[in-house]
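What follows is calculated from the coordinates using simple rules that are stated; it is not laboratory data. Keep in mind that this is a model prediction, so the values were computed, not measured. Please note: Cβ atoms are built from the backbone with ideal geometry, for glycine as well, and neighbour counts cover all protein chains shown.
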Amino acid sequence: MKQIIYGIDITKEVTPLMVRDAIVNCFFAAHCADSDVEEKDKDINKIYCKEIVKNAFEKVNVDFNKPDKNGIISAMNELAEFSKKFRNQEIVQKHFDEIMEVVNKLS
């Protein structure tokens, strides 16, 4: 089992903000990281991915800056639906499951 998932050491305490940031990192990895672009464009893509994640939180009425476990799961479901339009279902499920490992560390 992995101990570091999208920047989070799951052997230590995990906070909702850490999970939110891991979702942003996951979304970037799934949608933009492998694209063949220059480094400055990767920074733009990171910002773009963060905005997509932020919009998903807003769409399910969850405060991006103060999420709780249930809100994070709602936002993840929204992002999974969004991602199905662009990615293979197996890839979407793989990333969803990885983030759920982190979510499950929340109390």
In percent, how large is the relative contact order of the stretch 13-103, given Cα pairs closer than 8 Å and 6 or more residues apart?
36 percent
Give the calculated FRET efficiency between Lys42 and Asn70 to the nearest 0.05, with a Förster radius of 30 Å applied to their Cβ-Cβ distance.
0.40
Of the stretch 2-24, those with amide N under 20 Å from the point 7 Å along the Cα→Cβ vector of Glu51 are 21-24
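Say the cut-off is 23 Å between C-alpha atoms; which of Lys59/Lys84; Lys50/Lys94; Lys54/Lys84; Lys2/Lys66; Lys12/Lys42; Lys12/Lys66 go over it? Show your work: numbers first, answer last.
Details: Lys59/Lys84 17 Å; Lys50/Lys94 20 Å; Lys54/Lys84 18 Å; Lys2/Lys66 27 Å; Lys12/Lys42 29 Å; Lys12/Lys66 20 Å.
The answer is Lys2/Lys66; Lys12/Lys42.
Within a Cβ distance under 12 Å of Ile72, other residues only, what is the Lys/Arg minus Asp/Glu net charge?
Working: positive: Arg20, Lys66, Lys69, Lys105; negative: Asp21, Asp63, Asp68, Glu78.
Combined, the nearby Lys, Arg, Asp and Glu give 0.
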Measuring from the longest principal axis of the C-alpha atoms of the chain, the long axis of helix 16-31 (C-alpha) lies at a number of degrees, nearest 10, equal to 30 degrees
